[in-house]
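Undergrad: Have a look at the structure that comes next, please.
Values quoted throughout were computed directly from the atomic coordinates according to the rules given, and no laboratory measurement underlies them. Please read all numbers here as calculations on a predicted model, not as lab measurements. With ideal geometry, Cβ positions are generated from the backbone for all residues, glycine too; neighbour counts draw on all protein chains shown.
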Amino acid sequence: MTGPPAKKFSDTSTSRGGDESERQFRYFTPAKRRASLYEDVTCDTQPSVHRHLLRGWPLCFEDGRTTWDDRSTALKSRDWFAFRDPLGLWERPFYQLGARAEAQIDAAVASARRDGLFDDFDPAWVEFLRTNLQIPAFAEHGLWLAMASIGRDCLSDSITHAVVFEAASKQRTAQSIVLYAMDLENHFGSFEIAAAKTRWLEHEAWQPVRELVERLHYVNDWGEVIVATNLLFEPLIGTMIRRELGIRAARVNGDTVTAAIVTPSQAEAAWAADWTIPLVRHVIEDEAHGGHNREVIAGWIDSWLPSCNAAVDALTSIISDLPVGFSSEQARERVSASAAQIREQAGIADLVKAAVA
């Protein structure tokens, strides 16, 4: 006896291919000829008076706010539900990617133990890690808090899913850093998280970063948090922390293990940029509201970019603490170049140039 046909995760073909579970009725228009599995399980999971509820919201908050409020962001769109995450992440592939990242980290640590790679760590490099390794966990945790806080207010299901998945990835990264420090304790002695917290709260190189993370948490506009985080903070500050002070610094100091630990979080940050780029293009190319949205985003850039630039400049001072260093000027140039590329793809390069002019 056979059961009803079931949608298979591996089914990505454009033909019916024997899969008869494809819905014949839907509110959304697929991005391609046939709806993807991502669209099937994501789209229309969040109601809207603009699409589903013809008689308004059935419930409101005590202060009169509706279940979802168009005023939750200064950005406007004719159809927020038209946005799609290019990677098409939904629950199963998101957790599969996370499990793959954790497996990569576990394999790197296991290999280091088995092959004696920790024995090759230069004592000066160990002290650099002892001093700096866990500090980014506080930044990642702060970004998690900011992104998780706005997930409830986003005005479409596809945006909400991208936001909450990014928040979860930030928490995973913060925890992986702390767990790696615990692994290192077995070889090199104490890696106190309290010392890292003190440095996060007091060291001058980290104070501009901390101020930005704390400021993000108090922004009520979810669109502003996304733009400030994924097009300004992360391409500049996040890239300096992960790629330059994490991956590149580790490699020039002969440490392939730490680089392997940091690499998954850099890939997750790239995904965050990859979904933010089409979202920003969606709003600035909106036929009805594009001009308004460009003005709004220009104001956010004016508000956030100077502080982000100051923060990444402050972080370059840490490069001088490396046992085997590299040019801080070249590191800053690399970060600026990759950030500029993201802004160019998002269609806001001219707004950034106007902000720094």
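Undergrad: Report the one residue of Q96, G223, A108 whose Cα lies farthest in the direction of the positive end of the charge dipole of segment 91-356 (charges on C-beta: Lys and Arg +1, Asp and Glu -1; origin at the Cα centre).
TA: A108
Undergrad: What angle do you read, to the nearest 10 degrees and between 0 and 90, between the alpha-carbon axis of helix 290-315 and the longest principal axis of the chain?
TA: Computed tilt is about 10 degrees.
Undergrad: Please compute one quarter of the surface area of the Cα convex hull for segment 91-356 and express it in square nanometres.
TA: 13.7
Undergrad: Follow-up question, since we're still on this one. Go through L129, T256, A311 and say which Cα lies farthest out towards the positive end of the charge dipole of segment 91-356; charges sit on Cβ, +1 for Lys and Arg, -1 for Asp and Glu.
TA: Going by the Cα projections, it comes out as T256.
Undergrad: Loop by DSSP (not H, G, I, E, B), at most 16 other beta-carbon atoms within 10 Å: where is the longest site-free stretch of the chain for GluC sites (Glu not before Pro)?
TA: No qualifying site falls inside 63-191, the longest such stretch.
Undergrad: Per DSSP H run of n ≥ 4, the term is -39500 (n - 2.57); total these for the chain, divide by its residue number, and report the mean residue ellipticity at 222 nm rounded to 500 deg cm²/dmol. List each step's numbers first, then the result.
TA: Values: 13 runs with 202 residues, N = 357.
Per the formula, -18500 deg cm²/dmol.
Undergrad: What order do you get for 348-355, 111-118, 254-261 when each peptide is scored by the mean count of other beta carbon atoms within 10 Å, highest first?
TA: Descending packing order for the listed peptides: 254-261, 348-355, 111-118.
Undergrad: Rounded, prolate or oblate: which one fits segment 105-205, using the alpha carbon gyration tensor with axes a ≥ b ≥ c (rounded when a/c is under 1.5, else prolate when a/b beats b/c, else oblate)?
TA: Note, shape of segment 105-205 comes out oblate.
Undergrad: Calculate the dipole size of segment 91-356 relative to its Cα centre from +1 charges on Lys and Arg beta carbons and -1 charges on Asp and Glu beta carbons; express the result in debye to the nearest 20.
TA: That gives segment 91-356 a dipole magnitude of about 240 debye.
Undergrad: Angle between the Cα long axis of helix 193-202 and the longest principal axis of the chain, 0 to 90 degrees, nearest 10?
TA: Helix 193-202 sits at roughly 80 degrees to that axis.
Undergrad: For segment 90-129, rounded, prolate or oblate, judged on the Cα gyration tensor with a ≥ b ≥ c (square roots of eigenvalues), a/c < 1.5 rounded, else prolate if a/b > b/c?
TA: Verdict is oblate for segment 90-129.
Undergrad: To continue, here is another question. Can you run phi through the Karplus equation (6.51, -1.76, 1.60; θ = phi - 60°) for segment 225-232 and list ³J(HN,Hα) in whole Hz, with x for Gly and Pro?
TA: After applying 6.51 cos²θ - 1.76 cosθ + 1.60, I find 4, 5, 5, 5, 6, 8, 10, 10 Hz.
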